[in-house]
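Colleague: The following block contains the structure, expressed as structure tokens.
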Amino acid sequence: MTAPDTEQRRRWMAVLARARAEEIAGLLAGLPPLPEPERLRPPETGLVMVRGRMGGDGGPFNLGEMTVTRCAVRLGDAVGHAYVAGRDKRQAELAALLDAALQDPARRDALLAGVIAPLAQRQQAARDAEARKAAATRVEFFAMQTTR
Amino acid sequence: MTALTAGFADPVLDAQATFRAVLEAMSRPGRVQRAGAGLRPPGPLNAAAAAVLLSLADADTPLWLDAGAEAEAWLRFHCGAPVVAAAGAAAFVLATRAAPALASLAQGSEEEPQQGATLVLQVAGLEEGAGWRLTGPGIAHEHRLRVAGAPPGFVAAWAANRAAFPCGVDVVLCAGEHLAALPRTVAIAEG
Amino acid sequence: MYVAVKGGERAISAAHAWLEETRRGDPAVPELSVAQIEQQMPLAVDRVMAEGSCHDRFLAALAIKQAKGDLIEAAFLLRAYRTTLPRFGASEPLDTARMRLRRRISATYKDLPGGQVLGPTFDYTHRLLDFALAAEGEPRASAPEGSAPVGEAPRVTELLTREGLMQREQAGDAEPGDLTRQPLSFPAARDARLQNLARGDEGFLLALGYSTQRGYGNAHPFVGEIRLGHVTVEFTPPELGFPVELGEIGITECQMVNQFKGSRTEPAQFTRGYGLVFGHGERRAMAMALVDRALRAQELGEDITAPAQDAEFVLYHSDNIEATGFVEHLKLPHYVDFQSELENLRTIRRAAEAALPEAAE
């Protein structure tokens, strides 16, 4: 195993961005502790301007901003980054730590199985439950008898 | 990216202190201020220039620089400033070697003189009390400033820059942990 | 003579203390938590996020609590707060075709891929006050679940575009204007107009949209599609160079379909009015789409006859924080201005009386 490909890294970053700090910390608690990372950029809250497209598929326009918290740490040779929606600094710090740790082939499989997979599963379950609620509100049309 | 080092230890307070130093330097042209103590930016970036950019450059300010890949990655990471290929398109221009001509940088316009670029110019040394004779707003009589390693022909180029007021370029001279500013209003005479 | 005066500090601080007391209300009634507002007044939270132009549910809920439920004041607080934060950059444009849908309806097609999904809507409710809600603690029934989950669905406008009956949007990735960095100028391009409308006052947009239906502007709109749901936001940090997912935000999108009789260069076809807003804001998204279409009159070569088609009128008056600032500043001391008006009036009177000495007797 070598460095992760970008697509794989994007996937775990996406899962961590949607997870609450307590969830991540809870799952990490069951694994061997990670070393203390060096803080390259302490957690910092700022804004990202969210863009839409005119008419849904035209050129971009600025819709409005959203709060985002970022953090960067170093663990050995790997630099871990986090950019997560909202203002939870603890979440950003844990996400950055995990992004760094997951880049280490020696740690990756255990962390994918112990943290990322369970988080992804919960997130998928919540999405599925919502999709089923939406499905219950889908209209089934039926034709009326034609009157003459 | 592997050699990425930390930026400001305290991003808020350190940026405020540097902002204050730049404000003082711009208000009293030729007076030397301290900035960037404790920063260890990648070479050839010096501490004062690094502190100025960490404090002032961000995602809204295009940056041009000649400091090499390592310094560029460091500034990209800590400032989030977009790096542009043409110095004339930049809000901040960092020159560590042969500085681009002042006239080639963004000058602003009569309506928006604030769009003129700020040149962060690294020099070998700054010393008060000798060298150039500075006069203008913020200076009661005359400030003396010796700049070791100023680009050749700088004083003549500066006269043209000043003549374009309110348009033109402002300069922050940085040496080690020291900086001095040349706002576009100041007049320079060789000492 | 003008005499500078100071004072009022004691009165102001007492007024603020009383404000705080009235915000809390009767201490015998349990205090509202920010989480309660966020969870149980989600549409107020969404409106504050939209008009505050900042997506953060907790901050919007906090602002509502602090503003005693005054949503414009709350949006003002949120706008003020956002100015204290650095901006990391701009997101990749949202892909609304990939929304995780809660609601998706079309008034133009009965049968469409993905179907008509009502979602959590007030439509078809009887608008009868529900006194059961006043008896707190009632466990309410949970929403039923269907079998075939709702997935992604193509946009209705794409169906018409494919047939060549809908005007194509001009694609491209030109850097859009940003009203938070560059003040509005005219003629305003559509990107700037949409940004302005997305954060405009809902009441103002609603009234203008309504006016276009009533004949002030030449609109015959159909709801091509309304969709509500969650969309992933991606951002490319300069230090990473690839887009990362920041998470999901709730949004509402509305496509209004309007007929366009064609011009010398374009055939008769349908055109779009577009609405996109933070959170669940169907009324706002619909009104925005109506006004967007009305404001396209000039570029489509239509006559400009109505207020909703007048870009300067609409865009300069849509922002309720600017509007409230200018209207409400009138209550601040204008003692000197008024003194001069008074003096002016007396002079006119005196001059008039001097000119007509007999009338004064």
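Colleague: Rounded if a/c is under 1.5, else prolate if a/b is larger than b/c, else oblate: which is the stretch B:80-191, with a ≥ b ≥ c the root eigenvalues of its Cα gyration tensor?
Modeller: Oblate shape, in that a/c is at least 1.5 and b/c is the bigger or equal ratio.
Colleague: In addition: In percent, how large is the relative contact order of the stretch C:11-82, given Cα pairs closer than 8 Å and 6 or more residues apart?
Modeller: RCO, the stretch C:11-82: 28 percent.
Colleague: If you don't mind, another one. Take the alpha carbon gyration tensor of chain B, find the square roots of its eigenvalues, order them as a ≥ b ≥ c, and report rounded if a/c is under 1.5; if not, report prolate when a/b exceeds b/c, else oblate.
Modeller: Prolate, since a/c reaches 1.5 and a/b exceeds b/c.
Colleague: Here's another thing I want to ask about it. How would you classify chain A from its alpha-carbon gyration tensor, with a ≥ b ≥ c the square roots of the eigenvalues: rounded for a/c under 1.5, else prolate if a/b is greater than b/c, otherwise oblate?
Modeller: It is prolate, given that a/c is not under 1.5 and a/b is the larger ratio.
Colleague: With Cβ to Cβ distances under 10 Å as the rule, what net charge do the other residues near C:Thr232 carry (K, R +1; D, E -1)?
Modeller: Counting the neighbours of C:Thr232, the net charge comes to -2.
Colleague: For Cα pairs less than 8 Å apart in space and 6+ apart in sequence, what is the mean separation divided by the residue count of the stretch C:105-174, i.e. the relative contact order in percent?
Modeller: Contact order relative to length: 33 percent.
Colleague: How much area per residue is accessible in the stretch A:6-147 when the probe is 1.4 Å and only protein heavy atoms are counted (Å²)?
Modeller: Averaged over the residues of the stretch A:6-147, the accessible area is 42 Å².
Colleague: At a 1.4 Å probe, what is the % contribution of carbon and sulfur to the accessible area of the protein assembly as shown?
Modeller: C and S fraction of accessible area: 56 percent.
Colleague: Now for a separate question. Quick one: how many lysine pairs in chain C have C-alpha atoms under 27 angstrom apart, if they're 8 or more apart or on different chains?
Modeller: Total qualifying Lys-Lys pairs in chain C comes to 4.
Colleague: Accessible area per residue for chain B in Å², computed with a 1.4 Å probe and the full protein assembly in place, what is it?
Modeller: 43
Colleague: Please check the stretch A:65-102 for residues whose accessible area, probe 1.4 Å, is lower by 10 Å² or more when all protein chains are in place than in their chain alone.
Modeller: Residues of the stretch A:65-102 that lose at least 10 Å² of accessible area once the other chains are added: A:Glu65, A:Met66, A:Thr67, A:Val68, A:Arg70, A:Arg74, A:Asp77, A:Val79, A:His81, A:Tyr83, A:Ala85, A:Arg87.
Colleague: Another question about this same structure. What net charge is computed for the residues neighbouring B:Cys167, neighbours being all others with C-beta under 13 Å from the C-beta of B:Cys167, Lys and Arg scored +1, Asp and Glu -1?
Modeller: In short, -2.
Colleague: Sticking with this structure for a sec: I'd like to check one number: the per residue accessible area of chain C, probe 1.4 Å, reported in Å² as a whole number.
Modeller: I get 57 Å² per residue for this part.
Colleague: Return the long-range amide H neighbours of B:Gln107 (sequence gap of 5 or more, or a different chain), with a cut-off of under 5 Å between placed amide H atoms.
Modeller: B:Ala117
Colleague: Mind checking C:224-231 for the average number of partner chain beta-carbons within 10 Å of each residue's beta-carbon?
Modeller: That works out to 1 on average.
Colleague: Right, something else. Please compute the net charge surrounding B:Glu112, taking Lys and Arg as +1 and Asp and Glu as -1 over other residues with Cβ under 15 Å from its Cβ.
Modeller: Within the 15 Å Cβ shell, the charges total -2.
Colleague: About the Cα centre of chain C, what is the dipole size in debye to 20, counting +1 per Lys and Arg Cβ and -1 per Asp and Glu Cβ, all else neutral?
Modeller: 400
Colleague: Chains A and B: buried accessible surface, both sides, probe 1.4 Å, rounded to 100 Å²?
Modeller: For A against B, buried area totals roughly 700 Å².
Colleague: Mind grabbing the base-10 log of I(q)/I(0) for the protein assembly as shown at q = 0.09, 0.11 Å⁻¹? Debye formula, identical points on the C-alpha positions, no solvent, two decimal places.
Modeller: Rounded to two decimals, the profile gives -0.99, -1.30.
Colleague: Got the relative contact order for the stretch C:1-135 handy, in percent, Cα pairs under 8 Å and 6 or more residues apart?
Modeller: This gives 14 percent for the stretch C:1-135.
Colleague: Then there's this: Please list, in order along the stretch C:240-254, the HN-Hα scalar couplings obtained from phi with the Karplus expression 6.51 cos²θ - 1.76 cosθ + 1.60 (θ = phi - 60°), rounded to whole Hz, x for Gly and Pro.
Modeller: Whole-Hz 3J(HN,Hα) from phi for the stretch C:240-254: 9, x, 9, x, 10, 7, 7, x, 10, 10, x, 9, 10, 10, 10.
Colleague: Considering only A:Thr69, A:Phe141, A:Gly30, whose Cα is most displaced toward the positive end of the charge dipole of the stretch A:4-148, charges sitting on Cβ of Lys, Arg (+1) and Asp, Glu (-1)?
Modeller: A:Phe141
Colleague: What FRET efficiency do you get for B:Ala189 and C:Leu184 if R0 is 41 Å and r is their Cβ-Cβ distance, rounded to the nearest 0.05?
Modeller: Efficiency computed from Cβ-Cβ geometry: 0.35.
Colleague: Check each residue of the stretch C:148-165 and keep those whose accessible area, probe 1.4 Å, is at least 50 Å² smaller with all protein chains in place than in the chain alone; give them in order of residue number.
Modeller: Residues of the stretch C:148-165 that lose at least 50 Å² of accessible area once the other chains are added: C:Val150.
Colleague: Sequence-distant or interchain residues sharing an amide H contact under 5 Å with B:Ala181, placed H: which?
Modeller: B:Gly30, B:Arg31, B:Leu173
Colleague: Go through the stretch A:126-133 residue by residue and turn each phi into a ³J(HN,Hα) via Karplus (6.51, -1.76, 1.60, θ = phi - 60°); whole Hz please, and just put x for glycine and proline.
Modeller: Running phi through 6.51 cos²θ - 1.76 cosθ + 1.60 with θ = phi - 60° gives 5, 5, 5, 4, 5, 4, 6, 5 Hz.
Colleague: With a 1.4 Å probe, how much accessible area is buried between chains A and C, both sides summed, in Å² to the nearest hundred?
Modeller: Interface between A and C: roughly 5900 Å².
Colleague: From the backbone phi of the stretch B:120-130, what are the Karplus-calculated ³J(HN,Hα) couplings (6.51 cos²θ - 1.76 cosθ + 1.60, θ = phi - 60°) in whole Hz, Gly and Pro given as x?
Modeller: My calculation for the stretch B:120-130 gives 9, 10, 7, 10, 7, x, 10, 8, 7, x, 8 Hz in order.
Colleague: Treating the beta-carbon of each Lys and Arg as +1 and of each Asp and Glu as -1, no other charges, what is the dipole magnitude of the stretch A:6-147 about its Cα centre, to the nearest 20 debye?
Modeller: 220
Colleague: At a cut-off of 20 Å², which residues of the stretch A:115-148 become less accessible once all protein chains are present than in their chain alone, using a 1.4 Å probe?
Modeller: By number: A:Arg127, A:Glu130, A:Ala131, A:Arg132, A:Lys133, A:Ala134, A:Ala135, A:Ala136, A:Thr137, A:Arg138, A:Val139, A:Phe141.
The values are calculated or read from the model by the stated rules, or taken from the named source; none is laboratory data. Quantities reported herein were computed from a predicted structural model and do not represent experimental measurements. Cβ: placed from backbone, ideal geometry, glycine included. Neighbour counts: every protein chain shown. Accessible surface is based on the protein model in full, side chains and every heavy atom, while ligands, DNA and RNA are left aside. Shrake-Rupley method; radii C 1.70, N 1.55, O 1.52, S 1.80 Å.
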